[in-house]
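The structure appears below as C-alpha cells.
A short reminder: the numbers here are calculations on the coordinates, not readings from a lab. This one's a predicted model, so the numbers in the text were calculated from it and none came from an experiment. Note that we place each Cβ from the backbone using ideal geometry, even for glycine, and neighbour counts take in every protein chain shown.
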Amino acid sequence: SAPPPATALLITPSAPISRELHGWRAKCLQRLVRMQLPVPRSFAIPADTVRMIAQGRRIQPDALLDIFAGSGLVSVRPSAAMPEWGGPGTVLNVGINDALHARLAEVIGRDNADAVYLSFVQSYAIHIARLDPDLFTQDGPDALAASLRHYQDEMDQPFPQDPTEQLSEVLRSMARAWDGPTARLLRQAKGAPADAPLGLVVQEMALALGPGICGSGTIQFIDPVTGTPRVTGRFRGQRHGATVGAGAETLFLTRDDRGPALEDTAPEIFADLVRFGIAARERLREEMQIEFVVTEGRISVIDATRVARGSRAGVRIAVSLARDGIIPPEEALMRVEPRALADLLHHQVDPRAPRDVIARGIDASPGAATGRIVFSAASAQSAHARGEPCILVRRETVPEDIRGMHASVAVLTERGGTTSHAAVIARGLGLPCIVGASGLTIDARARTVRAGSRILHEGDEITIDGSSGEVLAGAAVLLPPALDDAFTQLMDWAADAGGMGVRANADTPEDARAARRFQAQGIGLCRTEHMFFDAERLPAMREMIFADTPEDRRLSLDRILPMQRQDFASLFEIMAGLPVTIRLFDPPLHEFLPHDREGLRELAESLDLPLSDVTRRVEALTEFNPMLGMRGVRLGITVPEIYDMQARAIFEATVQASRKGDPVVPEIMIPLVSAMREVELVKTRIDAVAAAVRNEMRTDFTYRLGVMVETPRAALRAGDIAAHSAFLSFGTNDLTQMTYGLSRDDAGRFMGTYVGQGVYAEDPFHVLDQDGVGELLLIGVQRARAQAPGITLSVCGEHGGNPESIAFCHQAGVDYVSCSPFRVPVARLAAAQSAI
Ligand code: PEP
Ligand code: MG
C-alpha cells in the first residue's frame with residue numbers, strides 16, 4: 001500500500017516551507033516567526049497531502065496529536081500559492097469536546113466556554129457534517145445542549161469527542177471544497193491554473209476571552225484609499241472569532257472622538273503592535289494588515305495579509321517603500337498596474353460611497369463626472385455657457401458633436417464600442433465616457449432616457465463612472481485627481497528605466513499641452529480632420545466640396561490655409577523641439593455635409609444653389625461603406641488640392657516656428673495607404689509644395705514623410721512602402737477593423753456577446769489581437785526593417801495606450817507608441833515595465 005501522506009510540518013525559522021508547496025499563508029507565517037513575533041505554534045500541511053486527503057486518505061492520527069498540545073484549540077486556514085486565489089473558509093475552535101469545555105469553563109467562565117463549544121458544534125454540523133443550518137441557529141442558555149442533541153439525532157452518533165477525528169474531518173472537508181466547481185471557477189478567474197495547489201495551516205488558538213485584557217483585532221498602517229500613513233483597524237474586546245463573550249466592547253486603535261481607543265486603554269499593547277507593523281513592512285517589503293489576539297494582556301500575531309488597496313494607495317505605497325530603501329525603484333515600477341494610473345489622472349467615484357447604478361456600458365474613457373443630462377451638442381454648449389456642468393447623452397456621436405463634447409463634462413452613448421467616435425474623442429479630451437450602454441433607450445424628441453423602469457429627463461443629474469462603465473443616478477461622491485509627488489516620482493523612475501518611446505495623439509493646442517504635462521516625447525499622431533469642423537472653416541470646406549474645378553477648390557482651400565498654418569504653428573511652438581507627426585486629411589467628405597433637410601436647406605442658401613442641386617450632390621457623395629470608400633490617401637489622390645493646402649500650411653508653419661525657436665522637422669503622414677504607388681504620387685506633390693515654399697520664403701527646411709500602415713495590404717507590402725518612407729506608423733484601429741472585417745462603429749452592438757461567449761478573449765479594438773492583427777504587425781515590422789534598417793516604426797492606434805499591447809509592441813521591435821495624452825502615463829509605465 002502507498003506510504004502514509006507527509007504529515008504537518010511545524011513552522012519554525014528553518015523549516016523547509018515553500019510558497020509553491022505550503023502556500024502563501026504558511027510562507028508568510030514563517031517570515032513572521034523568523035522576525036520573532038509572537039506567532040502561536042503553527043503547522044503547514046503541504047498541497048500534495050491536501051490532495052490525498054481530498055481523495056479519502058487520512059493523516060496518521062499520531063501526527064496530529066502534537067498539534068493539540070497547547071490550549072487544545074486549533075484553527076485551520078487555507079493557504080493557496082497566491083492570496084487572491086482564495087480558499088475554503090477558516091474553521092476555528094477545532095479540538096473542543098466535553099472535557100476541554102469543562103476545563104475552559106474554569107478559566108474563562110461557563111458562559112464563555114459554552115459559547116466557544118456552541119460555535120464549533122454549529123460550524124462543524126453545518127459545514128462539515130452538512131446538516132440543515134436551521135437546526136443549529138439557536139442562542140440562549142440551552143443552545144449548546146440542544147445543538148449537541150440535534151447532532152446526535154441527525155447523525156445517529158454523539159458529537160465527535162476525539163480532537164484528531166474532528167481535525168481529520170475538517171481537513172477533509174476543506175480539501176474537498178477546494179475542488180468544488182465554484183471555488184475552481186472563482187480562482188481561475190483570478191488567473192489560477194486548473195490544478196492550483198492548496199496548502200492548509202493548522203494553528204494553535206490563543207484565547208480571546210477571559211480575565212484581563214482579552215480580545216482580537218486587526219491593525220494596518222496606511223489608508224487603503226489614499227495610501228497615506230494612518231493607523232486603522234479595530235480591537236474587539238472579549239471576542240474570540242465569531243464568539244462574543246460577556247462584556248464585549250469594540251475599541252478604536254488610535255485616539256478617536258467616537259469612542260475609547262486601545263492606544264489609551266492599553267498603551268503597551270498598542271506600542272507593540274506598531275512596532276510589529278514597522279518590522280513587518282520592512283521584512284515582508286509590503287504594507288501588511290496584522291491580525292492579532294490578546295490573551296490576558298499578551299499579544300499573539302495570528303496572521304498577516306497584504307493590505308487591500310485602491311489604485312491611488314497602490315502608487316503611494318510602492319513609491320514610499322522604494323523611497324525608504326525597502327525595495328528598489330524598479331520593483332516599485334513593477335508593482336504598479338499601469339492601467340491603475342488612469343484612475344489617478346481623473347476624478348474617481350469614492351469607492352467607500354454608495355452607488356445607485358442605473359445602467360452599464362463599456363468603460364470607454366476613465367474618470368468620473370457629475371452633470372445634468374443634455375441630448376444635443378447645442379444644449380451642451382448652452383449649458384456650458386451658463387456655467388452648468390452637463391453630460392451629453394446620445395445614441396452615438398458624430399463629428400459634428402465635437403463642440404458639444406468639448407462643452408460637456410462626460411459623454412454617454414447607447415451605441416458604439418471602444419474605438420467609436422465618442423470613445424476616441426472622449427479619451428483625447430480626457431472626458432469620462434461610457435459607450436454601448438445598450439440598456440438605455442433615448443428618446444431625443446421627448447428629451448428622456450429610459451433605464452430599466454426609470455425615466456430620466458433632460459436636466460436630471462447623473463454621474464458617469466468611465467472607469468467602471470457604470471451610470472449612476474444623482475451626484476456621487478468624487479475623489480479629486482491625484483497627480484501628487486508619488487505619481488511624479490514614479491514617472492521619473494519610469495523615465496530612468498528607458499524602454500520604448502511614448503508620444504501622444506494630439507490634435508489641438510490643449511491636447512499638446514496635456515502631452516507635454518505628461519512628458520510625452522512628441523506628437524505621434526495629429527488627426528487634422530477635427531480642425532475642419534470649426535465654425536469658420538466648415539463653410540469653406542463645404543464650398544470646396546461643391547467646387548466644380550480644381551481652381552475653385554484651391555480658392556476655397558486658400559481661405560482655410562492661414563487657419564491651418566496657425567494650427568500647426570501653435571503645435572510646433574508648444575512641442576518646442578519635440579517631433580510632431582501630422583496626418584493628412586483622412587475621413588470621407590460626406591462627414592462635412594449636413595444630413596437632415598433643415599441643414600441641406602441652410603447649405604443651399606449659403607452656397608446660393610438650388611436645394612435640388614445640393615441634395616443631388618450630397619447624395620452623390622454618399623457611400624455604402626464609407627470607411628472603405630473614398631477616404632485617406634484615396635481622397636489625397638483624387639482631390640489633391642486638400643493635401644497640397646495642408647502641406648503648404650505645414651511648411652509655412654515650419655518656417656515660421658523655426659525662425660522663433662529650434663528648427664522644426666515636421667513629420668507628414670499619409671493615411672490608409674495600400675499600394676506603394678499611392679505614396680509615390682503623394683510624395684511627388686508634397687515635394688513640389690516644399691520646393692515652392694522654400695523658394696517663396698527663401699529658406700531651407702527638411703521634412704520626414706511617413707505612411708500609416710492600417711490596411712492589411714500595407715502591412716504585407718511594408719517592404720516596398722518602406723523604401724519611400726522615413727517612418728511607418730501602424731494604425732491598429734483600422735488594421736483591426738480590416739483584418740477582422742469588423743466595423744469600428746458597429747462592433748459595440750455584439751462585442752459584449754462575443755466576449756461573453758469567448759469568441760474573442762477581449763475586445764480587439766481595445767487589446768491588440770496578437771495572433772491575427774499582431775502577426776500582420778510583425779510581418780510589417782520585419783519587411784520594413786529588411787528593406788530600411790534605420791526606418792522609425794511606431795503604433796498610433798488606440799492600442800498604443802493599452803499595457804498588454806504595449807508589451808507586444810516592445811517585443812515586436814517598435815520604436816514608440818502614441819496614444820491619447822491622458823493615457824501617456826499608463827503607456828510610459830507599461831513601456832518601462834517591458835524594459836525592466
Ligand atoms: C488607426 O486607424 O489606428 C488610426 C490611428 O487612425 P484613426 O483612428 O484616426 O482611423
Ligand atoms: Mg485609421
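Considering Cα pairs under 8 angstrom that are at least six residues apart, work out the relative contact order of the stretch 215-309 and quote it in whole percent.
26
Along the charge dipole of the chain, which of Ala208, Ala280, Gly436 sits closest to the positive end, that is, farthest toward it, with unit charges on the beta carbon of Lys, Arg, Asp and Glu (+1, +1, -1, -1)?
Ala280
Using a simple charge model, +1 on the beta-carbon of Lys and Arg, -1 on the beta-carbon of Asp and Glu, nothing else, what dipole does the chain show about its Cα centre, in debye to the nearest 20?
Charge dipole, the chain, about its Cα centre: 1160 debye, nearest 20.
Mark the label point 7 Å from the Cα of Asp720 along Cα→Cβ and return the residues of the stretch 660-697 whose backbone N is within less than 14 Å of it.
Answer for this model: 674-681.
Quick one: order Tyr754, Tyr117 by neighbouring beta-carbon count within 10 Å, fewest to most.
Tyr754, Tyr117
Given R₀ = 45 Å, FRET efficiency for Gln782-Asp195 by Cβ-Cβ distance, to 0.05?
It comes to 0.75.
How much net charge surrounds Arg355 when only other residues with a Cβ under 10 Å from its Cβ are counted (Lys, Arg +1; Asp, Glu -1)?
Once positives and negatives cancel, what remains is -4.
Which loop-located trypsin sites (Lys or Arg not before Pro) does the stretch 48-157 contain, where loop means any DSSP state but H, G, I, E or B and the Cβ has at most 10 other Cβ atoms within 10 Å?
The qualifying sites are Arg130.
Rounded to the nearest 5, what is the percent of antiparallel bridges among the DSSP beta bridges in the chain?
Of those bridges, close to 65 percent are antiparallel.
Cα atoms only, the chain: Rg and Dmax in Å?
Rg then Dmax for the chain, in Å: 33.5, 106.
Sequence neighbours fewer than 8 away in the same chain don't count; with that in mind, list the aspartates and glutamates whose C-alpha is under 17 Å from Lys660.
By straight Cα distance, Lys660 reaches Asp567, Glu573, Glu652, Asp700.
Which of Ser365, Ser805, Ser453 comes first, and how do the rest follow, when ranked by fewest Cβ neighbours within 10 Å?
Fewest to most other Cβ atoms nearby, the residues stand as Ser453, Ser805, Ser365.
Taking 7 Å along the Cα-to-C-beta vector as the label spot, tell me the Leu10-Ala576 distance in nanometres, rounded to one decimal.
Spacing of the two 7 Å Cα→Cβ label points: 6.9 nm.
Between Asp98 and Ala129, what is the FRET efficiency for a Förster distance of 22 Å, r being their Cβ-Cβ separation, to the nearest 0.05?
0.80
Using 0.36 nm times the number of residues separating Asp350 and Val398, minus their current alpha carbon distance, what extension gain do you get?
So the chain would gain 14.1 nm between Asp350 and Val398.
Which peptide among 151-159, 659-667, 27-35 comes first, and what is the full order, when sorted by highest mean count of other Cβ atoms within 10 Å?
Top of the packing list down: 27-35, 659-667, 151-159.
Mind checking the stretch 402-492 for trypsin sites (Lys or Arg not before Pro) that DSSP puts in a loop (not H, G, I, E or B) and that have at most 14 other Cβ atoms within 10 Å?
Taking the stretch 402-492 and a limit of 14 other Cβ atoms within 10 Å, the loop trypsin sites (Lys or Arg not before Pro) found are Arg445.
Specify whether the C-alpha gyration tensor of the stretch 677-836 places it in the rounded, prolate or oblate class, a ≥ b ≥ c being the square roots of the eigenvalues: rounded for a/c under 1.5, otherwise prolate if a/b is larger than b/c and oblate if not.
prolate
Can you pull a Stokes-Einstein diffusion coefficient for the stretch 9-204 at 10 °C (1.306 mPa s), Rh from Kirkwood over Cα pairs, as a whole number of µm²/s?
Rounded, D is 90 µm²/s.
Where in the stretch 793-817 does the amide nitrogen come within less than 20 Å of the point 7 Å from the Cα of Arg704, taken along Cα to Cβ?
The answer is 793-798, 800-801, 809-817, whose backbone nitrogens lie closer than 20 Å to the label point.
Between Arg255 and Thr232, what length in nm is gained on full extension when 0.36 nm per residue of separation is reduced by their alpha carbon distance?
Computed gain between Arg255 and Thr232 is 7.2 nm.
To the nearest 0.05, what FRET efficiency results for Asp746 and Asp496 with a Förster distance of 30 Å applied to their C-beta separation?
The pair Asp746/Asp496 has a calculated efficiency of 0.10.
Taking the Cβ of Arg172 as the center, what net charge do the other residues with Cβ under 14 Å away carry, scoring Lys and Arg +1 and Asp and Glu -1?
Overall, the nearby charge balance is +2.
Starting from the 7 Å offset along Cα-to-Cβ, what nm value, one decimal, do you get for the label separation of Ala69 and Val755?
With each label placed 7 Å out from Cα toward Cβ, I get 5.5 nm.
Any idea what the relative contact order of the chain is, in percent, if you count C-alpha pairs under 8 Å spaced at least 6 apart?
9
Is the shape of the stretch 215-309 best called rounded, prolate or oblate, per the rule: a/c under 1.5 gives rounded, else a/b larger than b/c gives prolate, else oblate, with a ≥ b ≥ c the square roots of the Cα gyration tensor eigenvalues?
prolate
Multiply the residue separation of Arg454 and Arg386 by 0.36 nm, subtract the distance between their alpha-carbon atoms, and state the gained length in nm to one decimal.
My answer for the length gained is 21.7 nm.
Using a ≥ b ≥ c from the Cα gyration tensor of the stretch 348-479 (square roots of the eigenvalues), is it rounded, prolate or oblate, where a/c under 1.5 gives rounded and otherwise the larger of a/b and b/c decides, a/b for prolate?
Judged from the Cα gyration tensor, the stretch 348-479 comes out rounded (a/c under 1.5).
Taking the Cα-to-Cβ direction at Gln60 and at Val225 and moving 7 Å from each Cα, how far apart do the two end points lie in nm?
It is 5.5 nm.
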